[in-house]
Amino acid sequence: MNINLALGLVWLFWFITIYFSSEGTDWHDYGLGLFSMIYFGLYLYQRQNKYLTISDGWIKKNSPFGKKIKLGEVDRIRKFAGDYILKTDSKEFVINTLIIAPESIKDLDGELQKLDVVWY
């Protein structure tokens, strides 16, 4: 989340530097401002909607094109390199635990332990 904020600030700084230091700005210089707004938008979206939501038997990544998976369909869970990989017969759902707050990882562990699945 903070990476998007930092990239937004970098693109904004670069856009302001070019805008005020050059004689004239070309149309592609405004792309830097657009990139800045996109990264700020992603930051605000991620700040408002946390990384994961578990509700009504579903687990969902809260991103613009986030995946979701029904917890009842999960038949295997693998913990690898700090990630949880939830597998069904047709899908794979990867949860990056580095993004999740430490106190929320305990909640996630508790929810995943409730499932009657194979851990490997």
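Read the figures in this text as sums done on the coordinates, not as results from a lab. Owing to the predicted nature of the structure, the values given are computational and were not obtained by experimental measurement. Counting neighbours? That spans all protein chains shown, and the Cβs are built from the backbone with ideal geometry, glycine included.
Points worth noting:
- For the range 4-13, backbone phi angles converted through the Karplus equation (6.51, -1.76, 1.60; θ = phi - 60°) give residue-by-residue couplings of 5, 5, 5, 5, x, 5, 5, 4, 5, 4 Hz, Gly and Pro being listed as x.
- On Cα atoms only, tilt of 30-48 relative to the major axis of the chain in degrees: 30 degrees
- Of the trypsin sites (Lys or Arg not before Pro) in the range 91-120, those whose Cβ has at most 12 other Cβ within 10 Å and which sit in DSSP loop: Lys114
- Peptides 15-21, 5-11 ordered by packing proxy, namely the average of other Cβ atoms within 10 Å per residue, highest first: 5-11, 15-21.
- The chain: most fluctuating residue of Leu12, Leu98, Leu108 per GNM, C-alpha cutoff 10 Å: Leu98
- Dipole magnitude of the chain, debye to nearest 20 (Cβ charges: Lys/Arg +1, Asp/Glu -1, about Cα centre): 400 debye
- In the range 1-88, the trypsin sites (Lys or Arg not before Pro) that fall in loop regions by DSSP, at most 12 other Cβ within 10 Å: Lys67
- Integer Hz, Karplus 6.51/-1.76/1.60 couplings in order for the range 106-114, x for Gly and Pro: 4, 5, 4, 4, x, 5, 6, 5, 5
- Summing Cβ point charges (Lys, Arg +1; Asp, Glu -1) relative to the Cα centre of the range 52-119 gives a dipole of roughly 220 debye.
- Sparse-neighbourhood loop sites, chymotrypsin sites (Phe, Trp or Tyr not before Pro) in the range 25-71 - DSSP loop, at most 12 other Cβ within 10 angstrom: Phe65
- The string of couplings for the range 66-72 from the Karplus curve (6.51, -1.76, 1.60, θ = phi - 60°) is x, 7, 9, 9, 7, 5, x Hz, one whole number per residue in order, with x for Gly and Pro.
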